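The numbers here are math on the coordinates, done by the rules we state, and not lab data. This one's a predicted model, so the numbers in the text were calculated from it and none came from an experiment. Backbone-built Cβ (ideal geometry, glycine too); neighbour counts: all protein chains shown.
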C-alpha cells in the first residue's frame, strides 16, 4: 500500500452510500462510492465521520495515508493516521 499526502478531499453522504474523493500527489484523484457492510456497520454517518476526521488529520498534520483497491471484490483499503491498521470498505471506484 503506497503512502500518499492528502492535498484536498471531500466526503459526501447520500441516502445509501458515502462518496469520497481524495486528491494526492497523483494527477487523478481517488474517488470511491462506499457502502455500508458487515465490517463497517450500517451507519453511513459514522463511516463518513470516520473518513472525514482521518482525512482532515492527515491533511492538517501532513501525515500520509494508504489507499489500495481490489476492484474484482469491490473493496478499498484506506489507512488513516487515526487508525492502527487499514480499514476495508465495500466500494466502487468512480
Checklist entry - Label points 7 Å out from Cα along the Cβ direction at residue 53 and residue 72: separation in nm? => result 3.6
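Sorting check: for 76-87, 4-15, which peptide has the highest mean count of neighbouring beta carbons within 10 Å, and how do the rest follow? Please list the in-between numbers first.
Details: 76-87: 16.0, 4-15: 14.2.
For the peptides 76-87, 4-15, the packing ranking is 76-87, 4-15.
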Item to check | Where labels lie 7 Å past Cα in the beta-carbon direction, separation of residue 39 and residue 85 in nm | outcome: 1.0
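In whole Å, what three semi-axes, largest first, describe the equivalent ellipsoid of the chain built from its Cα gyration tensor (square root of 5 times each eigenvalue)? Write out the running numbers ahead of the final one.
Details: eigenvalues 72, 41, 33 Å².
The equivalent ellipsoid of the chain has semi-axes of 19, 14, 13 Å.
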Next on the checklist: What does the extension gain come out to for residue 31 and residue 16, with contour length at 0.36 nm per residue minus their alpha carbon separation?
Outcome noted: 3.7 nm
Checklist entry - Between residue 63 and residue 94, what FRET efficiency comes out of the Förster formula 1/(1 + (r/R0)^6) with R0 = 22 Å and r the beta carbon distance, rounded to 0.05? => result 0.35
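Relative contact order of the range 2-65, please, whole-number percent, based on alpha carbon pairs below 8 angstrom and at least 6 residues apart. Before the final figure, lay out each step's value.
Working: 101 pairs, mean separation 23.6, N = 64.
In percent, rounded to a whole number, it is 37.
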